[in-house]
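Each remark here refers to the structure printed beneath this line.
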Amino acid sequence: MKNRPLFISFSIILLATAIAYLPVLSRGFINLDDDTMVTDNRLVKHPSTSSLIRVFTAPHAGLYHPFVTLSYMLEYRLFGLNPRAYHTTNYLLHLLNTTLVFLFIYLLSSSLPVTLLSTLLFGLHPVHVESVAWISERKDVLYAAFFLASLSAYTLYTVKASKKYYIAAFFLFLGSLMSKPMALTLPLLLLCIDFYRGRKRSWYIVIEKIPFFALSLLSAVTTVYWHYHEKPSKLLDYSSTIIDRLLFAVYGIVFYMAKLLFPVDLSIIYPVVAGSVPGGTLVISFIAFLLIVVLVLRYAKNRTLIFGTFFFLFSVSPVLQILPVGLGMHADRYMYIPSTGIFFLISAMIYHAAMKLRAPSRVALFAVAGIYIALLSTATWKRTAAWDSIALWNNGLKQYPRSELMYRLRADTCKRDGNYEQALKDYCLSLDSNPYFAESYNNRGNLYQLLDNTKKAIADYSMAIKCDPRFASAYYNRGLAFEKLGKNKEALSDYSQALSIAPLSAACLNNRGTIYAKTGDYAKALEDFSNAIMSEPQQAEAYRNRAYAYLFMGNHEGALKDARLAEQCGQTMPAAFYEQLVEKQKRPHKNVRPSR
């Protein structure tokens with residue numbers, strides 16, 4: 001019975017969190033990464049033994065997150081592409097993470113008021129909407145579940161000195177890394193826990209972290225390596241100096257802390273990158289950062305302040321762009337785990353301040369805190385209810401009216417919805433903001449293709465290639481356009497160029513194979529179709545085309561086998577194929593050409 005108030009308090013927090021995020025269950029997919037991660041992901045839609053092996057042995061979209069892809073595969077098998085199922089999983093994971101924050105903070109501090117307030121802030125804060133409402137950000141809520149469980153297990157290890165908790169912490173950390181590489185900072189947070197718990201300083205507490213640091217190092221190296229191979233043109237940008245990068249990191253720290261304290265003007269994209277921050281903003285950020293440093297040094301003996309500050313700094317460090325990776329934009333989702341340190345610090349400060357105040361002042365302080373939390377929950381409800389592609393891009397463009405990326409994303413949404421006129425306007429606005437934005441040229445080219453204006457489409461693809469000579473999709477799309485005009489030589493050249501950049505593109509291999517077949521080079525066609533199938537074992541078109549290639553080359557057994565495999569993958573083989581197969585067996589000189 002003595003735990004009844006604790007149970008009731010936590011249940012109320014969990015219920016409030018569940019209500020605040022309830023609108024997300026009725027949201028759909030958005031046209032940013034949800035296609036790459038789920039709706040167009042062949043690994044998800046066509047599971048097989050080979051695809052499972054690939055999930056665990058290769059990255060997807062530049063990151064290694066096999067557990068995330070596995071979760072999508074399971075959902076697709078059970079629910080198809082019903083977005084409610086995917087949103088429900090993220091929703092339940094956030095409730096689980098809220099529970100794990102409660103467990104971790106209580107094990108760490110043994111303070112019920114601090115634990116309850118920290119949990120309330122974590123569960124209801126609108127900055128977490130992006131991680132929960134965005135299906136593609138399953139990475140955040142899933143890695144966080146393993147991450148928080150690992151921290152809790154390690155905290156138990158420091159209390160009870162039982163090896164089973166240490167082992168549990170290690171394997172939970174491994175699960176977190178297999179959900180998102182950002183988990184690699186966990187060993188540093190274990191040192192923070194040692195400091196806060198007052199563990200005796202010795203080499204032993206460093207040595208016992210070696211397995212954790214080894215996993216972190218392995219994750220860091222493989223992440224950079226795989227990201228380089230998948231996105232070589234977008235990996236390391238050393239155009240800015242180390243001073244610029246450090247200033248941008250300082251700006252990032254202040255930016256994230258400001259969003260946690262005052263979550264206004266939230267956006268799915270903050271199109272501010274290294275080198276583009278106004279000088280005045282950098283100066284203000286630097287002064288604010290110096291004040292934080294002075295505060296930490298002034299109260300260096302305060303374990304709560306040091307723990308909360310360094311928990312935040314360590315866990316957010318991978319996204320501060322000190323090591324430049326890609327464009328380095330800020331994002332709400334990057335605060336999902338780091339916010340825990342700030343929320344713990346704020347909660348402890350409020351509680352300790354309240355204990356020093358007289359009753360009327362204490363009531364006033366709690367009233368202000370209550371109003372603040374009510375505002376947070378209202379903002380969370382509104383943001384989850386508005387999680388829709390058009391609404392997100394409109395909201396972002398209000399804050400950043402010159403964002404070429406958000407114009408392009410809104411144009412993509414309009415194109416998907418059949419509003420071609422508005423899509424064309426937005427692509428043009430995107431290119432007005434940035435005349436060198438390759439993706440907008442490429443996507444406008446796709447729109448011109450839909451409008452049967454192949455000449456303008458080719459011009460746009462050519463501009464995209466000029467802006468980014470390693471833009472594989474632009475070469476592929478221009479190849480399609482050339483092939484549509486009957487310019488097979490030019491199409492073949494573009495397909496080959498695309499494959500030199502992205503050699504595992506099954507669609508491009510299949511299309512180049514059809515060009516070879518049209519020009520009579522069946523040996524090369526067969527090689528391309530086979531490589532397409534190796535890349536994507538459920539590539540039905542490649543099976544169909546290889547069946548025709550085998551048929552022409554006189555391999556009747558291979559032709560029949562591939563025809564059946566194509567049908568198993570959902571590709572209907574025409575009755576004429578089987579008639580031609582029988583006829584070919586009778587008249588081996590008759591030619592048959594594969595087609596798409």
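The values are calculated or read from the model by the stated rules, or taken from the named source; none is laboratory data. Computed from a predicted structure; not experimentally measured. Cβ sites come from the backbone with ideal geometry, for glycine too, and all protein chains shown count toward neighbours.
Here are some notes:
- Within region 199-218, being modelled with pLDDT under 90 and out of contact with any Ser or Thr (no Cβ under 8 Å at 6 or more places or on another chain) holds for Lys200, Arg201, Ser202, Trp203, Tyr204, Ile205, Val206.
- Residue within region 78-85 that is out of contact with any helix residue (DSSP H, G or I) (no Cβ under 8 Å at 6 or more places or on another chain), closer than 30 Å to Thr36 by Cα, free of Cβ contacts under 8 Å to residues at least 40 places away in the same chain and surrounded by fewer than 20 Cβ atoms within 10 Å (Cβ to Cβ) present: yes
- Matching option when the condition is within 29 Å of Thr115 (Cα to Cα), surrounded by 20 or more Cβ atoms within 10 Å (Cβ to Cβ) and polar (S, T, N, Q), among Asn3, Asn90: Asn90
- Residue among Val293, Val316 that is out of contact with any Lys or Arg (no Cβ under 7 Å at 6 or more places or on another chain), part of a helix (DSSP H, G or I), within 14 Å of Ala249 (Cα to Cα) and in the same structural domain as Met257 (by TED's automatic domain parsing): Val316
- Remark: pairs (first residue in region 427-446, without any contact (Cβ under 8 Å) to a residue 40 or more places away in the chain and crowded, with 22+ Cβ neighbours inside 10 Å; second residue in a loop (DSSP other than H, G, I, E, B) and small (Gly, Ala, Ser); Cβ separation under 9 Å; 6+ apart in sequence or on different chains) = Ser430/Ser403.
- Pairs meeting the criteria (first residue in region 256-272 and assigned by TED's automatic domain parsing to the domain that holds Thr309 and closer than 22 Å to Leu32 by Cα, second residue among the basic types (Lys, Arg) and surrounded by 13 or more Cβ atoms within 10 Å (Cβ to Cβ), beta carbons under 6 Å, at least 6 apart or on different chains) are lacking.
- Flag for Gly558 being surrounded by 15 or more Cβ atoms within 10 Å (Cβ to Cβ), of a type in the set (Gly, Ala, Ser) and more than 29 Å from Asn442 (Cβ to Cβ): yes
- Any hit, region 392-412, residues being part of a helix (DSSP H, G or I), closer than 19 Å to Ile458 by Cβ and not hydrophobic (A, V, I, L, M, F, W, C): no
- Within region 503-527, considering residues that are in a loop (DSSP other than H, G, I, E, B) and of a type in the set (S, T, N, Q), the one farthest from Tyr476 (Cα to Cα): Thr519
- Any hit, region 41-57, residues being in a helix (DSSP H, G or I), closer than 19 Å to Asp140 by Cβ and within 15 Å of the chain's Cα centre (by Cα): no
- The condition of being part of a helix (DSSP H, G or I) and out of contact with any Cys (no Cβ under 6 Å at 6 or more places or on another chain) holds for only one of Ala288, Ala300, that being Ala288.
- Any pair with Cβ under 8 angstrom, 6 or more apart, that starts in region 185-212 at a residue that is assigned by TED's automatic domain parsing to the domain that holds Phe170 and ends at one that is at pLDDT 90 or above and outside any helix (DSSP H, G or I): Pro187/Lys209; Leu190/Lys209; Leu191/Lys209
- Which listed residue is more than 27 Å from Tyr21 (Cα to Cα) and either in contact with a strand residue (DSSP E or B) (Cβ under 7 Å, 6 or more places away or on another chain) or surrounded by 14 or more Cβ atoms within 10 Å (Cβ to Cβ) (or both), from Leu392, Leu376, Leu424: Leu424
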